[in-house]
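The values are calculated or read from the model by the stated rules, or taken from the named source; none is laboratory data. Note that the structure is a prediction, hence the values are computed from the model and not measured. Counting neighbours? That spans all protein chains shown, and the Cβs are built from the backbone with ideal geometry, glycine included. For the accessible areas, the whole protein counts, side chains as well, though only heavy atoms, and no ligand, DNA or RNA atoms are used. Shrake-Rupley method; radii C 1.70, N 1.55, O 1.52, S 1.80 Å.
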Amino acid sequence: RIKLEELLLLALRMGMIALIAIALSRPWMSGGLANTFASKPACDIAIVIDSSYSTDWNAKAQTPREQAVAWAKTLLDQLGPGETVGLIDARGTVDAKVPSLTRDRNLIRESLDDLPKPSGSSRLNDGILRGLQMVNAGTNVSRHVVVVTDGQFHPWRDADEHLWLQLKELREQSTVPADVWVVSTQKQQARQNNDAVDRVQLSRELTVVDFPVRIRTRLKNSGAKAASNRKVYLEVDGQRLADKTISVRVEPDGQATVEFEHRFRTSGSHVLAVSIDEDSLPGDDRSEAAIEITDALPILLVDGSNNPDPARSEVFFAKSALSAVANPTPWIAARMVRAVGFSQPTIGDAQVIMLANVPRLTDQQLDTIKEFVDNGGGLGISLGDQIDEQWYNSRLFDRGRGLLPAWLTGIASAPSGIDETPITILSESLQLPWISQFQTGGDDGLLDARFTRWFATTLRPELPAVADASPEKEATDESVAEDDSTSRPVASTAGSYSNGDAFLLSRSFGRGRVAMMTSTLDADWTTLPARPDYVAFLHEWIFQLASGRVTRNVDTGSPLLFPIAQNDDSANWVFINPDGEELEALAAGDELRPMVRLDQTHLPGTYRLRKRPPANEDANPANDEFFVVNFDRTESELTPLTDERWAELTDEERLHRIETPEELFESLETEASRIELWHLLLLAFVAILIGEVFMTRRLVQGGHVFVDELPVAE
């Protein structure tokens, strides 16, 4: 009997330890008898605020953003003391304003009040995924993501099967599945009338003083019942130009192209803007672009002929056109070097290198040019009769991974018959902004230039795969690495001949740009150098290549980069975002090409880069460098979610649609899942503890100690 009682006492004590361990793990169960005894569990909630510019619609007393903030604060007021909250700002990129769950309600309220003004688009699907990650790190067993939006269609356009698969995976990976709730602050309504300015396109982002810049955009309408006339303004550095105001007629659900031209009289960094008078949705009534104005642009012309007679060189016409002796202030400062003498020191301050009928390059020269372009320089290539076609294809094209935009398939010739149609440039092919001005050129212009020979090209050659392609061994078209077309950077055709062959091809390489003209830069294969448009074409081509050096206009979430002097330090610079907040400039680049970098570009708008002034001196805003972060403007079409689309979003209980915080809490009160059991386990612990005390007293009072002290019989 005593041994049985000892075993029972041991079991009670082991049970007490087990109950404490299980209770600390906070177990839960679904439905059943537990709902009768257990209390409502505490919640972990991630609030996702839709901050797209459509939430700034101000046609009513309160904007959707103001209603969203008020809704979130009402939710906070109804949470219990043990419940935690996080806050996520959903724009083009997702920003967790309160990165982890907290019980500090005042912190959440302050963060709601400090949210930046609505701007850009929103990716609510990314906000939901970030919210799920946040609540999955919580400790409560009732977990929820609450999305507060204005009920527009476009933020959900990417909510496809991929999103639902990610949601399912996140729920399955968590021991406590989280629910997603969607709140629309706007009732179902018809499309609203709205006029919007589309993204600004510049003919070039880098140019020189007194060189014309073309600014193009579109004025778009959605939801109107009748056509309207809107005034469109051009602004330079925040100042509206009175002589650059035009009136544009826009049809219902239509668009109209708007184009301006401007010349800058001073060098430096500037911001151009196209705007209209504000309507009920001000977020899309203005579109900006940054531009850099410099003095004469330095370029390097590499002559492939090595002819001692300057008049017989491949770059004679180009150098004469770009840096005429009679022009004391040329837009381009061109230097010439023979191909055999080209090396790293000869590049100097050049921002563009032009290879004119260069047969081939040494390995060192090729590496030098690759590094130059990769760091933002521009490379122009013109072909000719000296080109080593095999070397260009194997080393310069390198199966699409090299500098050359396309594979050369051989020299083509124009028909020689008197009655044959000459080969010219096709007007319809000049679609890119920087070259489109030549579509309607005058007589004897670019479109009238004739071409007798050129290199035919292809963007997708069929190349044999080989097992061994050593980098030390010079590759040929039969001995190169296996093609990987999926990783090949995309090349585009900027112009075509009248027979369909490519005239000008371009592509990006690293941070720089490459463009190849398939004919000659001189008059060997074409009459282009004799045309009046030759000078203008060369200028446009070179400025386009140079614009990769510093990218002034980027999309939301893309970093901003700016080169600084070698003896400078990133600590001397500071970025200023559209809200006026100063952000630290990070070091980037290398010792030879130091740069400053900013990664926090989730807010669209104009950014400034400012050098910190010396002590006791004020900063000079006139020396600021400007950047513009653009955003997706599809939300200008105010299309609310239909009942059918809501049904798709809530299908299979992916999302739950509610309107008030009370609905959310009523759902939590009535749900038959995720009931915590630690209360019951603690009660069981107390019961066992009482039993353990009772058993201990029983053993002592029943002679347990006396029996242990009896002498053992021999």
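Around Val209, under 11 Å between beta carbons, what's the net of Lys plus Arg minus Asp minus Glu among the other residues? If you can, show how the numbers build up before the last one.
On the way: positive: Arg263, Arg265; negative: Asp210, Asp295.
Local charge sum for Val209: 0.
How much of the accessible area of the stretch 206-265, in percent, comes from carbon and sulfur atoms when a 1.4 Å probe is used?
Numbers: 1360 of 3140 Å².
So the carbon and sulfur contribution to the accessible surface is 43 percent.
With a ≥ b ≥ c taken as the square roots of the eigenvalues of the C-alpha gyration tensor of the stretch 489-636, please select rounded if a/c is under 1.5 and otherwise prolate if a/b is larger than b/c or oblate if it is not? Could the numbers behind the result be given before it?
Details: a/c = 2.68, a/b = 2.01, b/c = 1.34.
Prolate shape, in that a/c is at least 1.5 and a/b is the bigger ratio.
Grab the alpha carbons of the stretch 72-124, take their convex hull, and tell me the volume per residue in Å³.
Numbers: hull volume 4.2 nm³, N = 53.
Given the Cα convex hull of the stretch 72-124, per-residue volume reads 79 Å³.
Among residues other than Asp522 whose Cβ falls under 14 Å from its Cβ, what is the net charge (Lys/Arg +1, Asp/Glu -1)?
Working: positive: Arg312, Lys319, Arg453, Arg531; negative: Asp303, Asp309, Glu314, Asp385, Asp524.
Here the count lands on -1.
For the stretch 371-456, give the percent of accessible area contributed by carbon and sulfur heavy atoms, probe 1.4 Å, rounded to a whole number. Each step should come with its number before you reach the end.
Numbers: 1510 of 3510 Å².
For the stretch 371-456, the apolar C and S fraction of the accessible surface comes to 43 percent.
Compute the length gained on full extension between Gln344 and Ser667: take 0.36 nm times their separation in residues and subtract their Cα-Cα distance, giving the result in nm to one decimal. Please report the intermediate quantities before stating the final value.
Details: separation 323, 0.36 × 323 = 116.28 nm, distance 7.02 nm.
That pair, Gln344 and Ser667, stretches by 109.3 nm at full extension.
Report, in whole Å, the centroid distance computed from the Cα atoms of the stretch 533-589 and the stretch 95-168.
Here the answer is 32 Å between Cα centres.
Rounded to the nearest 5, what % of the DSSP beta bridges within the chain are antiparallel ones?
Antiparallel: roughly 60 percent of the beta bridges in the chain.
Leaving out ligands and nucleic acids, note down the accessible area per residue over the stretch 491-557 with a 1.4 angstrom probe, in whole Å².
27
Arranged from highest to lowest average of other beta-carbon atoms within 10 Å per residue, in what order do the peptides 197-207, 5-15 appear? The partial results should precede the final answer.
Values: 197-207: 21.4, 5-15: 14.1.
So the peptides 197-207, 5-15, ranked by packing, come out 197-207, 5-15.
How far, in degrees from 0 to 90, does helix 661-670 lean away from the longest principal axis of the Cα atoms of the chain, to the nearest 10?
50
Which value, to two decimals, describes the C-alpha radius of gyration of the stretch 287-360 once divided by 2.2 N^0.38 Å? Mind dumping the intermediate values first?
Details: Rg = 14.2 Å, N = 74, 2.2 N^0.38 = 11.3 Å.
In units of the globular-protein estimate, the stretch 287-360 measures up at 1.25.
Which ³J(HN,Hα) values in Hz, rounded to whole numbers, follow from the phi angles of the stretch 116-122 under the Karplus curve 6.51 cos²θ - 1.76 cosθ + 1.60, where θ = phi - 60° and Gly and Pro get x?
My calculation for the stretch 116-122 gives x, 4, x, 6, x, 8, 9 Hz in order.
Using Cα pairs under 8 angstrom and six or more residues apart, how large is the relative contact order of the chain, in percent?
17 percent.
Run the numbers for Ser320 and Arg698: contour at 0.36 nm per residue of separation, minus the present Cα-Cα distance, in nm. Kindly include the intermediate steps, with their values, before the conclusion.
Values: separation 378, 0.36 × 378 = 136.08 nm, distance 11.39 nm.
The Ser320-Arg698 span can extend by a further 124.7 nm.
Test of understanding: express the Cα radius of gyration of the chain as a ratio to 2.2 N^0.38 Å, with N the residue count.
On the way: Rg = 35.1 Å, N = 714, 2.2 N^0.38 = 26.7 Å.
So the Cα radius of gyration is 1.31 times the expected 2.2 N^0.38 Å.
From Cα pairs below 8 angstrom and at least 6 apart in sequence, can you work out the relative contact order of the stretch 317-463, rounded to a whole percent? The partial results should precede the final answer.
On the way: 155 pairs, mean separation 26.2, N = 147.
Value for the stretch 317-463: 18 percent.
Given the pairs Lys244/Lys319; Lys73/Lys117; Lys97/Lys220, which span a C-alpha to C-alpha distance of over 27 angstrom in this model?
Pairs exceeding the cut-off: Lys244/Lys319; Lys97/Lys220.
When ligands, DNA and RNA are left out and all protein chains stay put, how many square angstrom of accessible area per residue does the stretch 305-393 have with a 1.4 Å probe?
45
When a/c is below 1.5 the answer is rounded, else prolate if a/b is larger than b/c, else oblate, so apply that to the stretch 374-455 with a ≥ b ≥ c taken from the square roots of the Cα gyration tensor eigenvalues. If you can, show how the numbers build up before the last one.
Working: a/c = 2.85, a/b = 1.33, b/c = 2.14.
It comes out oblate by the Cα gyration axes.
Diagonalise the Cα gyration tensor of the stretch 254-302 and give the resulting equivalent ellipsoid semi-axes, square root of 5 times each eigenvalue, largest first, whole Å. All intermediate terms of the calculation are to be shown ahead of the outcome.
Values: eigenvalues 209, 35, 19 Å².
Values for the stretch 254-302, descending: 32, 13, 10 Å.
Count the net charge of all other residues whose Cβ sits under 9 Å from the Cβ of Glu278, scoring Lys and Arg as +1 and Asp and Glu as -1. Each step should come with its number before you reach the end.
Values: positive: Arg286; negative: Asp277, Asp279, Asp285.
After counting each charged neighbour, the total is -2.
Hey, can you find the accessible area per residue of the stretch 125-185 for me, probe 1.4 Å, expressed in square angstrom?
35
log₁₀ I(q)/I(0) of the stretch 170-273 at q = 0.12, 0.15, 0.19, 0.20 Å⁻¹, via Debye over equal Cα point scatterers, no solvent, to two decimals?
One equal scatterer on each Cα of the stretch 170-273 leads to -0.60, -0.73, -0.97, -1.04.
Using a 1.4 Å probe over the heavy atoms of the protein chains, calculate the carbon and sulfur portion of the accessible area of the stretch 112-152 as a whole percent. Walk me through the intermediate numbers first.
Values: 420 of 1080 Å².
The computed percentage sits at 39.
So what are the stretch 607-667's ellipsoid semi-axes, whole angstrom, largest first, if each one is the square root of 5 times an eigenvalue of the alpha-carbon gyration tensor? Before the final figure, lay out the partial values.
Numbers: eigenvalues 501, 72, 18 Å².
Semi-axes (√(5λ), whole Å): 50, 19, 10.
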